[in-house]
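Just passing along the structure, written as structure tokens.
The values are calculated or read from the model by the stated rules, or taken from the named source; none is laboratory data. The structure presented is a predicted model; accordingly, all values stated were derived computationally and were not measured. When we count neighbours, we look across all protein chains shown, and the Cβ atoms used for this are built from the backbone with ideal geometry, even at glycine. Note: areas computed on protein heavy atoms with side chains; ligands, DNA, RNA excluded. Shrake-Rupley method; radii C 1.70, N 1.55, O 1.52, S 1.80 Å.
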Amino acid sequence: MALTSVAIAVFAPLPYLTNSLSSLAGEGGGLAGNYVSRPAGIQAALYVHMVAGGIALGLSPLQLIARVRARVPRLHRVVGRVVILAMVVGGLSGMVLATVNAAGAVGTAGFGLLGALWVVFPVLGFLAIRRGDVATHRRWMVRGFALTYAAVMLRLWLGVLMGAQGLAGVPDGVAFERAYAIVPFLCWVPNLVVAEWYLRRRGNGGVA
């Protein structure tokens, strides 16, 4: 999970940070076509979301390593503040983008709820650690990471769903549209279910 998190955190935003939206849209690059003609505010939210989400995704695995928390607690606290801020910013910008997503009403609901929870969970985790409740803090941050990992699962599910349709002879454009109509919930709801199962299995201690 750490390797996939870092890989997506680095390589997913890279095309957007090194090329213009218009050039990516002209090459048929991913979702660029949905944003190239949007207002500047929406485009700014897109870049903020990618950068904040990348920071949260890339740093979160470090926060879940018990050895780091035990041996370098100051590092855990400093990185934790960065991760929480990145999640909140990523969630807020994600809610903005959900209003103009390429999946329509399903996307607005799925990505919008994801963005809202991505704000709420880390804030609850921060409030818990501020009052000294370490176990509750860890549980909320595990849930927060489950939502952050949606960036990985979105791409995985798109690949699987498009690949399956490709085997059936469905054109790439149609396959993408069909797959993207499903992933707004598929990319994060199963993650959260697995996280809850894991937390219940670990008991009140939350995480190792």
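So for the chain, averaging the separation of alpha carbon pairs under 8 Å that are six or more residues apart and normalising by length, what relative contact order in percent results?
Working: 249 pairs, mean separation 38.0, N = 208.
That works out to 18 percent.
Sorting check: for 14-26, 117-129, which peptide has the highest mean count of neighbouring beta carbons within 10 Å, and how do the rest follow? The partial results should precede the final answer.
Values: 14-26: 14.2, 117-129: 20.1.
Those peptides, ordered most packed to least, come out 117-129, 14-26.
Hey, another quick one. Could you rank HIS137, HIS49 by how accessible they are, 1.4 Å probe, largest area first? Display every interim value, and only then the final one.
Values: HIS137 25, HIS49 55 Å².
Sorted by accessible area, descending: HIS49, HIS137.
Rounded, prolate or oblate: which one fits the range 93-207, using the alpha carbon gyration tensor with axes a ≥ b ≥ c (rounded when a/c is under 1.5, else prolate when a/b beats b/c, else oblate)?
Working: a/c = 4.12, a/b = 1.96, b/c = 2.11.
Oblate, because a/c is 1.5 or more while a/b does not exceed b/c.
Order 79-86, 101-108, 37-44 from most to least packed using the mean count of other Cβ atoms within 10 Å.
Averaged packing, sorted descending, gives the order 79-86, 101-108, 37-44.
Taking 8 Å as the Cα distance limit and 6 or more residues as the minimum spacing, I'd like the relative contact order of the range 63-176 as a percentage.
It rounds to 18 percent for the range 63-176.
Show me the ranking of peptides 59-72, 180-193 by mean Cβ neighbours inside 10 Å, starting with the highest.
Packing order, densest peptide first, comes out as 180-193, 59-72.
In what order, largest first, do MET153, MET1, MET87 sit by accessible area if the probe radius is 1.4 Å?
Largest accessible area first, the list is MET1, MET153, MET87.
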